[in-house]
1. Hey, what's the chain come to in accessible area per residue, 1.4 Å probe, Å²?
2. Ordered by residue, what ³J(HN,Hα) values in Hz, to whole numbers, does segment 32-43 give under the Karplus form 6.51 cos²θ - 1.76 cosθ + 1.60, where θ = phi - 60° and Gly and Pro are x?
3. Find which of Ala69, Leu14, Val26 sits farthest along the positive direction of the dipole of the chain, computed with +1 on the beta-carbon of Lys and Arg, -1 on that of Asp and Glu, about the Cα centre.
4. Using Cα pairs under 8 angstrom and six or more residues apart, how large is the relative contact order of the chain, in percent?
5. To the nearest 20 Debye, how big is the dipole of the chain about its Cα centre, given +1 on the beta carbon of each Lys and Arg and -1 on that of each Asp and Glu?
6. Filter the trypsin sites (Lys or Arg not before Pro) in segment 17-52 down to the DSSP loop ones having no more than 11 other Cβ atoms within 10 Å, then list what survives.
7. Please report the carbon-and-sulfur percent of the accessible area for the chain; probe 1.4 Å, protein heavy atoms only, DNA, RNA and ligands left out.
Amino acid sequence: MISNKLLVPVGVGLVTIGVGIGVGRVAAAAIEGIARQPEAAAKIQQVMFVMVAVIEGMALFAIILCLMAK
């Protein structure tokens with residue numbers, strides 16, 4: 001059986017990869033939206049920053065849960 005000492009770093013790594021992918025997709029969608037409608041750039045950026053903050057908050061929560069599993 002695999003011990004928790006090995007699973008925690010794997011969990012943190014998976015969270016980090018997921019956050020990187022999520023933030024990258026949000027940023028790519030925002031850039032595409034701004035390219036299509038430059039006049040809506042301010043609104044798109046505002047929504048993008050809120051979504052990135054939500055993703056980062058979920059990631060922090062997941063990392064804390066991984067670390068509590070020790």
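1. Values: 5340 Å² over 70 residues.
That works out to 76 Å² for each residue.
2. 5, x, 5, 5, 7, 9, x, 5, 9, 4, 5, 5
3. Farthest towards the positive pole: Ala69.
4. Details: 34 pairs, mean separation 37.4, N = 70.
With pairs under 8 Å counted, the relative contact order is 53 percent.
5. Details: 5 positive and 3 negative charges, 44 e Å.
So the dipole magnitude of the chain works out to roughly 220 debye.
6. none
7. On the way: 3970 of 5340 Å².
That fraction is 74 percent.
The values are calculated or read from the model by the stated rules, or taken from the named source; none is laboratory data. As the structure is a prediction and not an experimental result, all values here were calculated from the model. Glycine gets a Cβ as well: all are built from the backbone with ideal geometry, and neighbour counts include every protein chain shown. Heads up: the accessible areas ignore ligands, DNA and RNA and are worked out on the full protein's heavy atoms, side chains in. Shrake-Rupley method; radii C 1.70, N 1.55, O 1.52, S 1.80 Å.
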